[in-house]
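Here the structure is laid out as structure tokens; the discussion comes afterwards.
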Amino acid sequence: MEDIKTYLERAVNEDAADIFLIAGKPISMKRGGEIRAITEERLMPEDSGKLVQEIYELARRELPEKVTAWDDDFSVSVPGLARFRVNVFQQRGSLASVIRVVKFGIPDWQQMGISPEVMKVAEMTRGMVLVTGPAGSGKSTTLACVVDAINRTRNAHIITIEDPIEYLHRNQMGVVSQRELNMDTQSYVTALRASLRQAPDVILLGEMRDLDTIQTAMTAAETGHLVISTLHTVGAVNTIDRIIDVFPPAQQQQIRVQLSQVLKTVVSQQLLPTLDGGIAPAFEIMHLNNAVRTMVRDSRIHQIDQVIQTGSAEGMIGMDESILRLFKAGKINAEVAMRFAMSPEQMQKKLR
């Protein structure tokens, strides 16, 4: 078994997205949406423990005594190679880790296949924007590109609150303050409340995890700031439902009204494996026009999909339409289109 740095180098050289160090399995990498083994031997618990210990040494951190009780998230930079987002956890009584590769520098949004309509978020000055999708769907990359665009084009103070910090932003036309949970601040809510006293123009919140965070973020958006955050949902309708359902029933109507006023755009994304072994993003984009605002306020959220489908003139697009475009462009096959479609039955008819 090699040391951890060798596997990190191999992952970067082979353009992998993630490395898996889990006892009972060979060391594996995820590339083009598929996980494959890169060693023949299965990791023993002592092997995975040794590799995890080496990650902590690279990061110049102490291995927590109680890693058995919770997951540990942190980032580590290897000079001349890349940055890595590390999650360490316990499984079957042994230490394990999943490591995300984050290359130095901000990616080019056009090369990443990010829609120009998504990048228009960088032109907004107030309200709330949500970028949603399952884990590993490229939300962090999209957010990094948007923050970079704001940083390069506006004289603004951008505060990011992340767990952990992935992409490093250099001050350009704007000023970027990056704060990492458990290192620079105790929690999202603590940092978010403090940020309102730090003259922010833009606040990037890594994730809206609970009621307090959501409520504080909505208040920040109400007071004239641009707040950008993420949720682990697919689709604009599911995103709005998730936010409202977090609150007690007695508060939900008030939240619907508040959300209809502060929410500007919901971008939902998925990463699809392409025919050439790579990945391509599919986006659903919903802007809150008067019709959508009324539907959110009046609890007619189920009607929003219809507005998205007919809102192309306003820059909206449904997830299935975005997937269909990738298919028609020859980037993905029919099987992938069906697997990621929100409505497989409708997709099947369109593919015919």
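The values are calculated or read from the model by the stated rules, or taken from the named source; none is laboratory data. Quick caveat: nothing in here was measured; it's all calculated off a predicted structure. Cβ coordinates were reconstructed from backbone atoms using ideal geometry, including for glycine residues, and neighbour counts include every protein chain displayed.
The rows are residues; the columns are (1) surrounded by 18 or more Cβ atoms within 10 Å (Cβ to Cβ); (2) modelled with pLDDT of 95 or more; (3) under 23 Å from Gly49 (Cα atoms).
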position: Arg83; (1), (2), (3): yes, no, yes
position: Arg92; (1), (2), (3): no, no, yes
position: Ser97; (1), (2), (3): yes, yes, yes
position: Lys103; (1), (2), (3): no, no, no
position: Pro116; (1), (2), (3): no, yes, no
position: Val129; (1), (2), (3): yes, yes, no
position: Thr132; (1), (2), (3): yes, yes, no
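A single member of Asp71, Asp108 is outside the structural domain of Ile22 (by TED's automatic domain parsing) and either more than 30 Å from Met218 (Cα to Cα) or surrounded by fewer than 18 Cβ atoms within 10 Å (Cβ to Cβ) (or both), and it is Asp108.
Of the residues making up segment 116-127, not a single one is closer than 14 Å to Phe283 by Cα, assigned to a loop (DSSP other than H, G, I, E, B) and either β-branched (Val, Ile, Thr) or in contact with a Leu (Cβ under 9 Å, 6 or more places away or on another chain) (or both).
Hey, can you tell me all the residues within segment 73-104 that are touching a residue at least 12 places away in the same chain (Cβ under 8 Å) and not in a strand (DSSP E or B)? Hits for segment 73-104 are Leu81, Arg92, Gly93, Lys103, Phe104. Residue count for segment 15-25, restricted to those that are free of Cβ contacts under 8 Å to residues at least 40 places away in the same chain and surrounded by 15 or more Cβ atoms within 10 Å (Cβ to Cβ): 1. Just the residues that are loosely packed, with under 14 Cβ neighbours inside 10 Å and either among the hydroxyl-bearing types (Ser, Thr, Tyr) or touching a helix residue (DSSP H, G or I) at 6+ places or on another chain (Cβ under 7 Å) (or both), please, taken from segment 322-339. Result: Ala334, single match. Does segment 170-187 contain any residue that is in contact with a strand residue (DSSP E or B) (Cβ under 7 Å, 6 or more places away or on another chain) and either assigned to a helix (DSSP H, G or I) or at positive phi (or both)? No, because not a single residue in segment 170-187 is in contact with a strand residue (DSSP E or B) (Cβ under 7 Å, 6 or more places away or on another chain) and either assigned to a helix (DSSP H, G or I) or at positive phi (or both). Check whether at least one residue in segment 33-43 is assigned to a loop (DSSP other than H, G, I, E, B), touching a Phe, Trp or Tyr at 6+ places or on another chain (Cβ under 9 Å) and in contact (Cβ under 8 Å) with a residue 24 or more places away in the chain, and report yes or no. Within segment 33-43, one or more residues are assigned to a loop (DSSP other than H, G, I, E, B), touching a Phe, Trp or Tyr at 6+ places or on another chain (Cβ under 9 Å) and in contact (Cβ under 8 Å) with a residue 24 or more places away in the chain. Scoring Ala82 on the criteria (1) over 25 Å from Gly206 (Cα atoms); (2) in contact with a helix residue (DSSP H, G or I) (Cβ under 6 Å, 6 or more places away or on another chain) leaves a single failure, condition (1). What do you reckon, is Thr160 assigned to a strand (DSSP E or B), buried (at least 16 other Cβ atoms within 10 Å of the Cβ) and among the polar types (S, T, N, Q)? The answer is yes for Thr160.
Of the candidates Asn155, Asn151, the single residue that is under 24 Å from Glu222 (Cα atoms) and assigned to a loop (DSSP other than H, G, I, E, B) is Asn155.
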